[in-house]
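**Student:** Sharing a structure here in C-alpha cells format.
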Amino acid sequence: MNHSRSNLGAPCEPFLPPYQVVLSETEWGSLETPFGNGEDLPEVLTRLLTPDPKVQVNALSELGEMVGHQNTIYEATAPAAMYVAGILTHPAATTPRPYRNVPIRAALLNWLASTAYDASDEIVGRTEQYSPGFLAPGTIVASFRDLRPMLYRAVSPFLRDSHEDVREAAVIAALILAEHSALAGHRDHLAVHARAILDTSGEEPNRRVARKALDAWGHGAPDSEPLLEESWAWGPHSDGPSYLEPPF
C-alpha cells in the first residue's frame, strides 16, 4: 500500500492526536450519548483493536448505536470518530473478515463515512430549515464539522489502497469530508476518484455520493443515470455493502 501524498502537495490539514491520547484524555463520562453518558465507550473502542474480527465488528456496531443513534451527532461522536480515524493505520485494522477477505479497515472507513454524512451539508441543510441556529458556532454539530480536515488527513492515505474495498470506502469518506472549505484544494484530485467510483462501483449509495460531489464541484458527472434525492440507503451507521452483517 502506498501512503505517499506527494501527488497532493504538502498536506496542510491538522494531525489527529494519537488514538491512545484520545482514549485516555477524553472525559467520556461527561459527554452526552443517546443513552446517557459515554462512560462505557473506552471499553467498546478498545475492543476495536482486538485480533478477533467478530469482536471488532460487534464493537463497531455497538459504537454506531452509542454515538450515532438515529443518525444523530452527539457530544461523544467527535472523540469516537477521532479514535476510529486514529486506528486506521493500526495492525488490527488489517484483520481480514472471514468469508470476505476484506480488511476490517474498510469497515472503519465506512463507519467514518456514514458518521460524516450525518453532519454533511445535505443533512444539516435540511435540519436547519426547521431548527434555525442548528449550526451556530460551538454547537455539537458545528464542532464535529470543524474536525473534517483532521479526519480527512487520516483517511486520505488510503485513497490508493491496494484493496478495492478499502480504496472505495476511503474515497467515499473523503468526498463527504471534502465539503469543508479548507479542503477545497483537494477536490480536483478527488474528482478523479469519484469518476472511478462511477465507473466501477456497484454500490448505489456510493455512486450517489460520487455523483453529488462531481455536480457540486462543477466537474460534470455523467448524465446517464438519474440522481434520486432519497436514494441514500445506509442505515444509521451501517457499513456500506453489509460489512456488519453475518457471516462473520
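**Student:** Which numbered condition trips up Leu108, out of (1) without any contact (Cβ under 8 Å) to a residue 40 or more places away in the chain; (2) assigned to a helix (DSSP H, G or I)?
**Tutor:** (1)
**Student:** Here are some residues: Ile197, Ile172, Ile176. Which one is among the β-branched types (Val, Ile, Thr) and free of Cβ contacts under 8 Å to residues at least 60 places away in the same chain?
**Tutor:** The match here is Ile197.
**Student:** Within segment 45-58, can one find any residue that is in contact with a strand residue (DSSP E or B) (Cβ under 6 Å, 6 or more places away or on another chain) and in contact (Cβ under 8 Å) with a residue 12 or more places away in the chain?
**Tutor:** Among the residues of segment 45-58, at least one is in contact with a strand residue (DSSP E or B) (Cβ under 6 Å, 6 or more places away or on another chain) and in contact (Cβ under 8 Å) with a residue 12 or more places away in the chain, which makes the answer yes.
**Student:** Of everything in segment 15-54 that's of a type in the set (A, V, I, L, M, F, W, C) and in a loop (DSSP other than H, G, I, E, B), which residue is least open to solvent (accessible area, probe 1.4 Å)?
**Tutor:** Leu48
**Student:** Right, something else. So, in segment 137-179, exactly how many residues are of a type in the set (Phe, Trp, Tyr) and either open to solvent by 30 Å² or more (accessible area, probe 1.4 Å) or closer than 17 Å to Val209 by Cα (or both)?
**Tutor:** Final tally of qualifying residues: 1.
**Student:** Now a separate question. Test each condition in (1) charged (D, E, K, R); (2) over 17 Å from the mean Cα position of the chain (by Cα); (3) open to solvent by less than 30 Å² (accessible area, probe 1.4 Å) for Glu128 and report the one that comes out false.
**Tutor:** Among (1) charged (D, E, K, R); (2) over 17 Å from the mean Cα position of the chain (by Cα); (3) open to solvent by less than 30 Å² (accessible area, probe 1.4 Å), the lone unmet condition for Glu128 is (3).
**Student:** Name the residue that is surrounded by the most Cβ atoms within 10 Å (Cβ to Cβ), counting only residues in segment 180-210 that are polar (S, T, N, Q) and assigned to a helix (DSSP H, G or I).
**Tutor:** The extreme case among them is Asn206.
**Student:** Taking the conditions exactly as written (in contact with a strand residue (DSSP E or B) (Cβ under 8 Å, 6 or more places away or on another chain) and closer than 15 Å to Val22 by Cα), does Glu75 satisfy them or not?
**Tutor:** When the stated conditions are applied, Glu75 passes them.
**Student:** Given the structure, is Leu88 open to solvent by less than 10 Å² (accessible area, probe 1.4 Å), at pLDDT 95 or above, under 22 Å from Tyr152 (Cα atoms) and assigned to a helix (DSSP H, G or I)?
**Tutor:** no
The values are calculated or read from the model by the stated rules, or taken from the named source; none is laboratory data. All figures in this text were calculated on a predicted structure; none of them were measured in a lab. Don't worry about glycine lacking a Cβ; one is built from the backbone with ideal geometry, like all the others, and counts go over all protein chains shown. Note: accessible area is taken over every heavy atom of the protein model, side chains too, but ligands, DNA and RNA are not part of it. Shrake-Rupley method; radii C 1.70, N 1.55, O 1.52, S 1.80 Å.
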